[in-house]
Amino acid sequence: MAALTYLLWLTTREGLRPETAAALVRRFGTAEAAYFADPGEYELLPLSERLCRSLADKSLERAERILGDCDRLGLTLLTYQDAAYPERLLQLHDFPLVLYVKGRLFRFDEELAVAIVGARECTPYGVAMAGRLGLELARSGALVLSGLAQGIDAAALKGALQGGGPAVSVLAGGVDVVYPRRNQGLYEDVAAAGAILSENPPGTPPEGWRFPIRNRILSGLSAGVAAVEAAEHSGTLITARLALDQNREVFAVPGPADAPMSAGTNGLIARGEAKLIRSAQDILVEYVTRFPHKVRQAPPLSQEGAEARLEAAAEPAPEPVPRPAERNPLPLRPRSELEAMGDEQRAIFALLSGRARVPDEIVGRTEIPARRVNTALTLLQAQGYLNELPGKRFTAAVRFDD
């Protein structure tokens, strides 16, 4: 407990940046050694005068108060010295000395963890794609990470939970501070099924400058980062650059060439910094040989499309042949769900009941503009109503009662 108290003392020094904290424990060996160091030793290091004064303050009162808060809130404290601390984070030059955990303690080094990031003020297309990626990744055995913001973060987390998987949210403030407040329910769901993480003590406000610093943890815990929607100059691109610096795979969802909210993601793809993705399978094929125990253990989203692509990435194999409908009937859903669809979605679903079609054929038969067809297909698939087959063909995944 004493070692932890000294570690909390160090991490709460005023003016201390993550890279400086990591450098100090490397220099002194432990936080305890840094605590008992002579003030003159601090002055020999390239530290600011403000930080030297803070290091000279040996009061442990705040550290002890934080320990009490963690005990009261039922939080787990994970330090860089613990065996369960992710090696992925230790590889960073600015690794967090402490992680506050609400919920499950994951072995991130063994997880196919994918961070989904994007804009708060996103489009319906972005929300649908983030939800679809989260759902498909969770169903395929991956662990989805994100923040807790409105927009892409929330959609990705909701999709992962709907897919039956846990999810992890990395916060800029304390793990007990829900921001924005409207996501209180989502926060509780993520904490119950997965985990909420932060490097900051309970009660820390989510000030704007903390978010870019938080992003290195989000990308650092992940095997890959998927950017869904981002403007030309956005925090999402900061996370993507951090991921590249950390030798993580970066993926990006393309958008219309003239859409401001896709300028950042389209730029990542154009510069060769990110792999273009249209579904979770485009991510999973990159990891199937590294995480076969994770990818293969979960049922794919569709027997035909997802399974064929994942199997092909590991070894040559023929595409599975769909079984006749009478031997493998589609799940039955209440008709009220069909009636709740928009007119265009209902028309597209009817066209795909009993036969697989490509988007161009759907456009020709329904006379619905291609952009709206693609959006409807994404929404219907994210809601589990459609399956995508090889060759970019879509077919009904459910049937509705009479």
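Nothing in this text is a laboratory measurement; each read-out follows from the coordinates by a stated rule. Just so we're clear, the structure is a prediction, and the values are computed from it rather than from any experiment. Every residue, glycine as well, gets a Cβ built from its backbone with ideal geometry; the counts of neighbours run over all protein chains shown.
Could you tell me which GluC sites (Glu not before Pro) in segment 171-256 are loop residues by DSSP with no more than 14 other beta carbons within 10 angstrom of their beta carbon? Please report the intermediate quantities before stating the final value.
Numbers: sites: 188, 199, 207, 229, 232, 249; in loops: 199, 207, 229, 232.
Sites meeting the loop and neighbour criteria: 207, 232.
Arranged by the count of other C-beta atoms within 10 angstrom, fewest first, what order do 60, 8 take? All intermediate terms of the calculation are to be shown ahead of the outcome.
On the way: 60 15, 8 23.
Lowest to highest Cβ neighbour count: 60, 8.
Applying 1/(1 + (r/R0)^6) with R0 = 45 Å to the Cβ-Cβ distance of residue 87 and residue 402, what FRET efficiency is obtained, to the nearest 0.05? The partial results should precede the final answer.
Numbers: r = 56 Å, r/R0 = 1.24.
Working from the Cβ atoms, E equals 0.20.
Using the Cβ atoms and a cut-off under 9 Å, what net charge is assigned to the surroundings of residue 225, where Lys and Arg are +1 and Asp and Glu are -1? Show your work: numbers first, answer last.
Values: positive: 248; negative: 249.
Summing Lys and Arg as +1 and Asp and Glu as -1 gives 0.
Which order do the peptides 146-159, 120-133, 174-187, 209-222 come out in when sorted by mean C-beta neighbours inside 10 angstrom, highest first?
On the way: 146-159: 25.9, 120-133: 23.1, 174-187: 17.4, 209-222: 21.3.
Peptide ranking by packing, descending: 146-159, 120-133, 209-222, 174-187.
Tell me which lysines have Cα within less than 29 Å of residue 58's Cα, excluding those fewer than 8 residues away on the same chain?
Excluding near neighbours in sequence, the set is 102.
What angle do you read, to the nearest 10 degrees and between 0 and 90, between the alpha-carbon axis of helix 235-245 and the longest principal axis of the chain?
Taking Cα atoms only, the helix is inclined about 80 degrees.
Filter the GluC sites (Glu not before Pro) in segment 35-107 to those in DSSP coil with at most 11 other Cβ atoms within 10 Å of their Cβ, and list the result.
Numbers: sites: 41, 43, 49, 61, 64, 87; in loops: none.
Within segment 35-107, no GluC sites (Glu not before Pro) qualify (loop, at most 11 other Cβ atoms within 10 Å).
For segment 108-295, count the residues as N, evaluate 2.2 N^0.38 Å, and divide the Cα radius of gyration by that value, please.
Working: Rg = 14.9 Å, N = 188, 2.2 N^0.38 = 16.1 Å.
In units of the 2.2 N^0.38 Å rule of thumb, it is 0.92.
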